[in-house]
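Q: Here it is: the structure, laid out below.
Every number in this text was worked out from the coordinates using simple rules, so none of it is lab data. Remember, predicted model here, so these are calculated numbers, not experimental data. So basically every Cβ, Gly included, is an ideal-geometry build from the backbone, and we count neighbours across all protein chains shown.
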Amino acid sequence: MNVLGIESSCDETGVALYNDRAGLLAQGLYSQVRLHAEFGGVVPELASRDHIRKALPLIRQVLADAGLGLGDLDGIAYTAGPGLVGALMVGASIGRSLAWGLSIPALAVHHMEGHLLAPLLESPRPDFPFVALLVSGGHTQLVAVAGLGQYRMLGNSLDDAAGEAFDKTAKLLGLPYPGGPELARLAQRGDTRRFRFPRPMTDRPGLEFSFSGLKTFALNTLADVPEAERDDQLKADIACAFEQAVVDTLVIKCRRALQQTGWQDLVLAGGVSANQRLRQRMGQECAKIGARAWYPRLEFCTDNGAMIAFAGCLRLQAGEAQDLAYGVRPRWPLDDLAAPSAGPDVAPEAGM
Ligand code: KG4
Ligand code: ZN
């Protein structure tokens, strides 16, 4: 089964082809970073317009790279949410129209399910069940994953997501968009002992997160230093203390989640899982308690089409698909998902 995946939920246009037996056949990504950089963040209207420009040429390129034609496709998976509504509608419209024209099923994929399954694109790969830490620009979630679509929410962020906290703190340190990777780069030059930031919500039981206070802590730390002394080293030291605090907090909560479930496998996914300090520390801590940490390759931590093609393939194989009138869901809780149903909701032909 050849499945075309289309990701367009935010500021990356991602397209990929996944085959259920051969694995990933080809993939392409167009990042809008340069487009949004001058505005210091994603401009939704510009994002939608650029997805329209890039999606079809990228689909053509990915098909050519795989040596396949449109007639070789057996299904189309596209991100239906959560994300920016206009951006989602581009991928959904293209995905559904293509599927209609080709008389093949189309499937609406949950963006976070894509992230959560991305480590399964690697070899070796973890088996179900596992605990997943989803850390992206919009989400910080700990999820007990018993199988495909069997997701129990263990903990969530009460305010800013981890990636959002990285981005906001980067901005107040004067770093360009996208802030997360820039802050991580600056933190490498920081003194690990100069400042100590709190580890929010680790002094009480539970698996909830709160990161907005760390951004304020960074702001106050900066303000406490006389303006004339605010040099690059100070910024690097603050970035380092901030990153350490986020990483420690995530590590502590993941250890708790593993203890609570009694499971040995931890999957890290979403943009922040590209963070080197996080990957290193989580690997060390898991080893100490006899657990294993799994990550996607770096390019599949952030948004991409491969994770959507893969998640879509698993569900399409199980016979799932929706009718042509299926909409996008800019807000879509992950635990609304269910394991694939025995047959398609509506057979593709019936929807035409
Ligand atoms: O998953 P993703 O590409 O998009 C969303 O679904 O949100 O995640 C993007 C987020 C951004 O907040 C970005 O700053 C953060 O992931 N990020 C990082 C790193 N790379 C990306 N945060 C910290 N360290 C990194 N190396
Ligand atoms: Zn994402």
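Q: Pick from GLY290, GLY81, GLY40 the residue whose mean-square fluctuation is largest in a GNM of the chain, springs joining Cα atoms under 10 Å.
A: GLY290
Q: Just want the answer: with Cβ charges of +1 for Lys and Arg and -1 for Asp and Glu, which residue in ALA80, LEU183, ALA318 is farthest toward the dipole's positive end in the chain?
A: Highest projection toward the positive end goes to LEU183.
Q: Right, here's the next one. Rounded, prolate or oblate: which fits segment 54-105, taking a ≥ b ≥ c as square roots of the Cα gyration tensor eigenvalues, rounded meaning a/c under 1.5, else prolate when a/b beats b/c?
A: oblate
Q: When the gyration tensor of segment 61-138 is built from Cα positions, what are the square roots of 5 times its three eigenvalues, in whole Å, from largest to smallest?
A: Here the semi-axes work out to 26, 19, 11 Å.
Q: From the helices alone, meaning DSSP H stretches of at least four residues, give me the mean residue ellipticity at 222 nm for the chain, per-run term -39500 (n - 2.57), in deg cm²/dmol to the nearest 500.
A: -13000 deg cm²/dmol
Q: No solvent, one uniform scatterer per C-alpha: report log10 I(q)/I(0) for segment 109-223 via the Debye equation at q = 0.11, 0.12, 0.16, 0.21 1/Å, two decimals.
A: Calculated log10 I(q)/I(0) at the listed q: -0.46, -0.54, -0.88, -1.18.
Q: Right, here's the next one. Using only the alpha carbons of segment 1-134, determine the length spanned along each of the three principal axes and report them from longest to shortest in whole angstroms.
A: That works out to 43, 39, 23 Å along the principal axes.
Q: Calculate one ³J(HN,Hα) per residue across segment 125-138 by plugging θ = phi - 60° into the Karplus curve 6.51 cos²θ - 1.76 cosθ + 1.60, and present them in order as whole Hz with x for glycine and proline.
A: Running phi through 6.51 cos²θ - 1.76 cosθ + 1.60 with θ = phi - 60° gives 9, x, 9, 5, x, 8, 8, 10, 9, 9, 10, 10, x, x Hz.
Q: When the convex hull of the Cα atoms of segment 128-295 is projected onto a plane and the area is averaged over all directions, what value comes out in nm²?
A: About 9.3 nm², averaged over all directions.
Q: Further, regarding this structure: Relative contact order of the chain: what whole-number percent is it, with Cα pairs under 8 angstrom and at least 6 residues apart? List each step's numbers first, then the result.
A: Details: 781 pairs, mean separation 86.6, N = 352.
Over the chain, the number comes to 25 percent.
Q: Still on this structure: Put one equal scatterer on each alpha carbon of the chain, apply the Debye formula with no solvent term, and list log10 I(q)/I(0) at q = 0.07, 0.08, 0.15 1/Å to two decimals.
A: After summing over all Cα pairs, the log10 values are -0.30, -0.39, -1.24.
Q: Something else about it: Let's see if you can work this out: charge +1 on each Lys and Arg Cβ, -1 on each Asp and Glu Cβ, no other charges. What is the dipole magnitude of the chain about its Cα centre, in debye to the nearest 20?
A: 740 debye
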